[in-house]
Amino acid sequence: MSTSAASHLPPAYPERAAWGTAGKLRAWQQSALDQYLTDGPRDFLAVATPGAGKTTFALKVATELLDAGIIERVTVVAPTEHLKTQWAEAAARVGINIDPRFANVNGRHSADFHGVAVTYAGVASKPLLHRARTETARTLVILDEIHHGGDALSWGEAIREAFEPATRRLSLTGTPFRSDTAAIPFVRYQMDHEGVLRSEADYTYGYAEALRDGVVRPVLFLAYGGSMRWRTRAGDEISAQLGEALTKDLSKQAWRTALDPSGEWIPTVLSAADKRLTEVRRGVPDAGGLVIASDQASARAYARQLAELTGEKPTLVLSDDNGSSRRIEEFAESDARWMVAVRMVSEGVDVPRLCVGIYATSTSTPLYFAQAIGRFVRARRRGETASVFLPSVQLILAHAGSMELQRDHALNKKRTDEDGLDWTPEDNLLAEANATEQALDPEQGSFEALESDALFDHVLFDAEQFGLGALPGSQEEEDYLGLPGLLEPDQVAHVLRDRQRKQVKNGGGRQAAERVSAHRALAEHRKELNKLVSAYASKSGQPHAIVHAELRRSCGGPELATASSEQVTQRIDAIRRWFVGRR
């Protein structure tokens, strides 16, 4: 072990630094290290955007402290089993031997190791064991993704109990906010001007700064909407446009309908993303893609569809076990096109060649979204861009548009309105995300996805929209899927504006806008009809489905989902007559 070895660790393990960055430590890493060594704090919180190189910074601190005799042992606490192994491999490169297979039942590690890597859950299950280990030697505790320390009240208490005797504690995170008010151990909180307790980092390096320095990739978000149709538990068939203004319940159901593997939305988006990946691989030959799914059944279905589409079986990662870690590592080292995963690749897992992603999950919290997007931003060389395909859901688009904002963790919420929501922007966003996540109760949430289609809405880059809605396979869509995979951030914006000008000049923008307007007009008519049917069903005591069926018999035409705007208007006029007794 030596400080020299740590200096030669790539700035963003496990890949080399982005082109143009320092040969040893990046500027932010050196600045943070200088501050740490000058202040010599017992607790230090470093907030750095995913892909910036937190692992390298932490191991440099560890080698400095070991070399100076300030500590004798290192304990790494990580969120997942896979990250334990990743930390051990990184530490080995600087001569620090970490045991990632340490188990609570053993109680101690071999003399061959300088320390151990454990999970937050493992510590929480035996806090007194880890406290005893910490007390027996001067220990540096590295708390990776420290926000997990507040995942449960018992976890926070256990981690505080286990590591309170530590000589030094170094906390790391790329997402310094939680979707609740659970206190994070060993994090300092200060009262802001509004009387809200907020986390205070000792060093911060955000996405905007990293993008400016060429440390991370710029992200293109490609949003897809479309028409959704589903059946409620009561038997009513509802149609809506993904992304239009809907109630929380309807928005969630439309979103889940889009993600249903049996519809057309997912296959269309998978095909578009694969085309984008092909284009990116022209400049980045080993570029890979990742689909983040909501559950295992959906992940398996998406994997089958990708295999049929590409002729290549994708890597499937379904759970946090040793087999999954091996599959992720094999994918990271290969040039395979696609990986499909459920949740576990959303945080901390380094696969630097990931350039294209599909956010095919209904998880909506800002924390999870930020962690997921963090899988695509790690830059290996100058000019690499990331492309992430999103459903046109307003909440998700809002998260994408605020990529460059820095949020701190707020403990106490000010109750200033009748709903009890805090008026500070970041906490309102968190509250809205949580409310949306819990919008459906078991009685109201049961539904059956019937059909869906996809419509290319726009590209979101640097909080600015480019392009107008276009049909899949159209020239307008192809123009954006075919963007070069190697572009500087300013070049990305220039090319997007140029494509948009050509689209409008050629009339594509106007035609697409007319198509979108027609969709929205029809959606408004359907919404109005559904409200009238609901009111009439309540008045007459008949089920919604029976009222819809009677309207079809009376006015003619197909079921609501395929009825034209004129046919829907006729039914609206008819049911209004029914209200006044004219049938």
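Hey, could you check region 287-326 for residues that are among the acidic types (Asp, Glu) and either at pLDDT 95 or above or farther than 17 Å from Leu83 by Cβ (or both) and say which is most open to solvent (accessible area, probe 1.4 Å)?
Step one: filter region 287-326 for residues among the acidic types (Asp, Glu), giving 295, 308, 312, 320-321.
Still in the list and also either at pLDDT 95 or above or farther than 17 Å from Leu83 by Cβ (or both): 295, 308, 312.
Numbers: Asp295: 67, Glu308: 154, Glu312: 66 Å².
Restricting to residues being among the acidic types (Asp, Glu) and either at pLDDT 95 or above or farther than 17 Å from Leu83 by Cβ (or both), the top hit is Glu308.
Could you list, in sequence order, the residues of region 63-110 that are within 16 Å of His130 (Cβ to Cβ) and at pLDDT below 85?
Scanning region 63-110 gives Val105, Asn106, Gly107, Arg108, His109.
Checking Val284 against (1) surrounded by 18 or more Cβ atoms within 10 Å (Cβ to Cβ); (2) within 19 Å of the chain's Cα centre (by Cα): exactly one of these is not met. Which one?
All conditions are met except number (2).
Only residues in region 83-109 that are open to solvent by less than 60 Å² (accessible area, probe 1.4 Å) count as the first member; pair them with residues that are among the aromatic types (Phe, Trp, Tyr), Cβ under 8 angstrom, at least 6 apart or cross-chain, and list the lot.
Close Cβ pairs satisfying both conditions: Ala90/Tyr13; Ile98/Trp87; Ile98/Phe113; Asp99/Phe113; Pro100/Trp87; His109/Phe102.
Which residue pairs have Cβ atoms closer than 7 Å, lie 6 or more positions apart in sequence or on different chains, and pair a first residue in region 34-56 that is in contact (Cβ under 8 Å) with a residue 60 or more places away in the chain with a second residue that is polar (S, T, N, Q) and open to solvent by 30 Å² or more (accessible area, probe 1.4 Å)?
Correct list of pairs: Val47/Thr204.
Taking region 7-31 as the search range and keeping residues that are surrounded by fewer than 24 Cβ atoms within 10 Å (Cβ to Cβ) and in a helix (DSSP H, G or I), which one is modelled with the lowest pLDDT?
The selected residue is Ser7.
Taking the condition over 23 Å from Arg212 (Cβ atoms) and either open to solvent by 20 Å² or more (accessible area, probe 1.4 Å) or at pLDDT below 95 (or both), does Phe44 pass?
Details: over 23 Å from Arg212 (Cβ atoms): yes; either open to solvent by 20 Å² or more (accessible area, probe 1.4 Å) or at pLDDT below 95 (or both): no.
Criteria not met by Phe44.
Given the structure, is Ile159 aliphatic (A, V, I, L, M), free of Cβ contacts under 8 Å to residues at least 40 places away in the same chain, touching a helix residue (DSSP H, G or I) at 6+ places or on another chain (Cβ under 6 Å) and surrounded by 16 or more Cβ atoms within 10 Å (Cβ to Cβ)?
Details: aliphatic (A, V, I, L, M): yes; free of Cβ contacts under 8 Å to residues at least 40 places away in the same chain: no; touching a helix residue (DSSP H, G or I) at 6+ places or on another chain (Cβ under 6 Å): yes; surrounded by 16 or more Cβ atoms within 10 Å (Cβ to Cβ): yes.
So Ile159 fails the test.
Go through Arg168, Arg198 for me and flag whichever is basic (Lys, Arg) and modelled with pLDDT of 85 or more.
Values: Arg198 fails: modelled with pLDDT of 85 or more.
Only one candidate qualifies: Arg168.
So, in region 207-231, how many residues would count as being modelled with pLDDT of 85 or more and either of a type in the set (Ser, Thr, Tyr) or open to solvent by less than 20 Å² (accessible area, probe 1.4 Å) (or both)?
Residues meeting the conditions: 13.
Just to check your reading of the model, which residue among Thr56, Thr63 is over 21 Å from Thr136 (Cβ atoms), within 29 Å of the chain's Cα centre (by Cα) and crowded, with 16+ Cβ neighbours inside 10 Å?
On the way: Thr63 fails: within 29 Å of the chain's Cα centre (by Cα).
Sole residue among the options that is over 21 Å from Thr136 (Cβ atoms), within 29 Å of the chain's Cα centre (by Cα) and crowded, with 16+ Cβ neighbours inside 10 Å: Thr56.
Across region 342-366, what is the number of residues that are touching a Ser or Thr at 6+ places or on another chain (Cβ under 8 Å), at pLDDT 75 or above and either open to solvent by less than 10 Å² (accessible area, probe 1.4 Å) or not hydrophobic (A, V, I, L, M, F, W, C) (or both)?
10
For region 276-323, what are the residues that are assigned to a strand (DSSP E or B) and of a type in the set (Asp, Glu)?
In the first step, residues of region 276-323 are kept if they are assigned to a strand (DSSP E or B); the result is 288-293, 315-317.
Once the filter is applied, which keeps residues that are assigned to a strand (DSSP E or B) and of a type in the set (Asp, Glu), region 276-323 yields nothing.
Which ones in region 260-275 are touching a strand residue (DSSP E or B) at 6+ places or on another chain (Cβ under 8 Å) and part of a helix (DSSP H, G or I)?
Matches in region 260-275: Trp265, Ile266, Thr268, Val269, Leu270, Ala272, Ala273, Asp274.
Please verify whether region 118-137 includes one or more residues that are more than 25 Å from Asp350 (Cα to Cα), open to solvent by 10 Å² or more (accessible area, probe 1.4 Å), among the β-branched types (Val, Ile, Thr) and at pLDDT below 90. Step through it out loud before you land on a result.
Start the filter on region 118-137 by keeping residues that are more than 25 Å from Asp350 (Cα to Cα), which leaves 124-137.
Subset that is open to solvent by 10 Å² or more (accessible area, probe 1.4 Å): 124-129, 131-133, 135-137.
When the remaining residues are screened for being among the β-branched types (Val, Ile, Thr), the result is 136.
Narrowing the set further to residues that are at pLDDT below 90 leaves none.
No: zero hits.
Go through region 41-68 and count every residue that is acidic (Asp, Glu) and assigned to a helix (DSSP H, G or I).
Here is the first cut: in region 41-68, the ones acidic (Asp, Glu) are 43, 64, 67.
Checking the rest, the ones that are also assigned to a helix (DSSP H, G or I) come to 64, 67.
The total comes to 2.
Taking the residues in region 367-381 that are open to solvent by less than 10 Å² (accessible area, probe 1.4 Å) and not in a helix (DSSP H, G or I) as candidates, determine which candidate is modelled with the lowest pLDDT.
Looking at the filtered set, the residue picked out is Ala379.
The rows are residues; the columns are (1) assigned to a helix (DSSP H, G or I); (2) farther than 24 Å from Glu329 by Cα.
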| site | (1), (2) |
| --- | --- |
| Asn106 | no, yes |
| Ile142 | no, no |
| Glu157 | yes, yes |
| Ala162 | yes, yes |
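The values are calculated or read from the model by the stated rules, or taken from the named source; none is laboratory data. Treat the numbers as computed from the prediction; the structure is a model and nothing was measured. Please note: Cβ atoms are built from the backbone with ideal geometry, for glycine as well, and neighbour counts cover all protein chains shown. We work out accessible area using only protein heavy atoms, side chains counted, and drop any ligands, DNA or RNA first. Shrake-Rupley method; radii C 1.70, N 1.55, O 1.52, S 1.80 Å.
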